[in-house]
Protein chains: 2
Amino acid sequence: MGGATKGRDVVPDATESSAPREGLSRTRVLRAAVDYADANGIESLTMRTLAAELGVVPMALYKHVANKDDLLDGMVEVIVGEIGPTPASGHWKPDVRRRVLAARAALLRHRWSQAVLESRAAMTAPMLGYLDSLVGLFVSGGLPIDLTHSVMHALGNRMWGFGEDLFAATPPSETESFNAQKDALPARFPNLAAIAAAAIHVDPESGRLTGCDSQAEFEFALDLVLDGVERLDVRDGKED
Amino acid sequence: MGGATKGRDVVPDATESSAPREGLSRTRVLRAAVDYADANGIESLTMRTLAAELGVVPMALYKHVANKDDLLDGMVEVIVGEIGPTPASGHWKPDVRRRVLAARAALLRHRWSQAVLESRAAMTAPMLGYLDSLVGLFVSGGLPIDLTHSVMHALGNRMWGFGEDLFAATPPSETESFNAQKDALPARFPNLAAIAAAAIHVDPESGRLTGCDSQAEFEFALDLVLDGVERLDVRDGKED
DNA sequence: ACCTGAACACCGTTCAAGT
DNA sequence: ACCTGAACACCGTTCAAGT
């Protein structure tokens, strides 16, 4: 169909249910992938099934998506984009709480998203933007930068499955626009930059620069939980 | 064993580096899979590469492992088995701390294991055994069962990426010995059974039995972290 | 009882070509 | 510039045999 050669705007046939046409575009591909995963589960999303869904040959997707990893990263970006802004009061505790619960709600709307996010955790721009906004709530609420750093680690596992080092997560597909604008990152994500700057210190042993101690951060978060439970226990129970 | 036809013991050639022979067995397959993933990364572990490593044809593995999922479950079992016992003082806080850190150490020894564990979280017997032991430390230390339930949820995301419902995790491959001994589970894992019993209550609305409220558990854990940080902040900072 | 060989129904992705 | 078609190099897994 189409007849794109001359006529202005060929009205799409609209008889076909999953109407393709009018060119793909990256966002249309990502949107379709998210919808397909919502409906059929992430495990049955393949380049081939997605192409069929869009009424197109598999290879057509590769014009808008580098490969399947890029597709998955893009799908996560879509979900993160759905988090949206939350009202801020200037008090970090209720503000952070609201924002984390909003993030959770977005993930729950797409049940496959948590698994995908955990399996890759690529630091795409929307991802960094969300984290930066969260850090911003802490610091503008007056929490010291070091404590903010640690609580971000502690929340990491809770918001999504960040196993280890928040900042050591795999950077976005390297080759992409990332390298081009790498130097612009501190400007775009000033709160993350502040944390990174505070976390870096000189190792007295080797004299080399060293990042954050993931074992220490793990124990910090663990003790936060255990101490908190202990407090709840003595308050409700023994009352001495 | 070896020359099973007649001769007593055929000495293996020993010229081949990754000496196969003497029959496979499930544990030998799992052990080899763990070693291979340690050395080459989980993404390059396939039924075919593993078979080659064992000097055997791919299909030979299927006699000892139901399929690839079962292989991955088995590999996780091996890691969980490496956690081993930890000394208990009778005070839940140091005891739990020690045990969780031991679990983390086991996972860190095999860097692929966290991702595999998160991606499936099958409730195999060793898995249940570890969780039961952890619950046991809380209850024998005197922590109330409800609080123990909640802190297990809070620790869930921390020990490994359990996103949601601890007890709603996919049960072990169904068909297996699981169903056969399903009724024996409370006896084998008494502490988990106690938690499950305490968590189930009648919904006043519908009158139906209802399990634990994962949203509430999430918020409990979130507030545990936020409250803890707030306490650290006022103690170190404002001091008013 | 355990292992083999060949085949099947899939993957993601490349390459050269079409319009 | 965008899409196509056919092919390649892989997967996990089945089935019917071998010993």
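Select from region A:121-140 the residues that are farther than 14 Å from residue A:95 by Cα, among the small types (Gly, Ala, Ser) and not in a loop (DSSP other than H, G, I, E, B) and list them in ascending order.
A:125, A:129
Yes/no matrix, rows are residues, columns are (1) in the same structural domain as residue B:106 (by TED's automatic domain parsing); (2) more than 9 Å from DNA strand D (Cβ to nearest atom):
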residue	(1), (2)
B:31	no, yes
B:44	no, no
B:50	no, no
B:58	no, no
B:61	no, no
B:76	yes, yes
B:84	yes, yes
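Just to be sure, is residue A:196 surrounded by 17 or more Cβ atoms within 10 Å (Cβ to Cβ), farther than 22 Å from residue B:221 by Cβ and either modelled with pLDDT of 80 or more or among the charged types (D, E, K, R) (or both)? Break it down stepwise before answering.
Details: surrounded by 17 or more Cβ atoms within 10 Å (Cβ to Cβ): yes; farther than 22 Å from residue B:221 by Cβ: yes; either modelled with pLDDT of 80 or more or among the charged types (D, E, K, R) (or both): yes.
Considered against the rule, which asks whether it is surrounded by 17 or more Cβ atoms within 10 Å (Cβ to Cβ), farther than 22 Å from residue B:221 by Cβ and either modelled with pLDDT of 80 or more or among the charged types (D, E, K, R) (or both), residue A:196 comes out as yes.
For the structure I just gave you, tell me whether residue A:113 is more than 30 Å from residue B:113 (Cα to Cα) and polar (S, T, N, Q).
Criteria not met by residue A:113.
Residue B:39 is checked against (1) touching a residue at least 40 places away in the same chain (Cβ under 8 Å); (2) away from DNA strand D (no atom under 13 Å from the Cβ); (3) surrounded by fewer than 17 Cβ atoms within 10 Å (Cβ to Cβ) and fails just one. What number does that condition carry?
(1)
Go through region B:73-112 and give me each residue that's of a type in the set (Lys, Arg), over 21 Å from residue A:229 (Cα atoms) and within 11 Å of chain A (Cβ to nearest Cβ).
Within region B:73-112, just B:111 meets the criteria.
Residues in region B:27-50: is at least one within 13 Å of DNA strand C (Cβ to nearest atom), at pLDDT 95 or above and part of a loop (DSSP other than H, G, I, E, B)?
yes
Could you list, in sequence order, the residues of region A:58-73 that are more than 9 Å from DNA strand C (Cβ to nearest atom) and assigned to a loop (DSSP other than H, G, I, E, B)?
The first filter runs over region A:58-73 and keeps only residues more than 9 Å from DNA strand C (Cβ to nearest atom), leaving A:60, A:63-64, A:72-73.
Listed by number, the list holds a single entry, A:64.
The values are calculated or read from the model by the stated rules, or taken from the named source; none is laboratory data. This structure is a prediction, so every number in the text was calculated from the model and none was measured. Methodologically, a virtual Cβ is constructed for each residue, glycine included, from the backbone with ideal geometry; neighbour enumeration extends over all protein chains shown.
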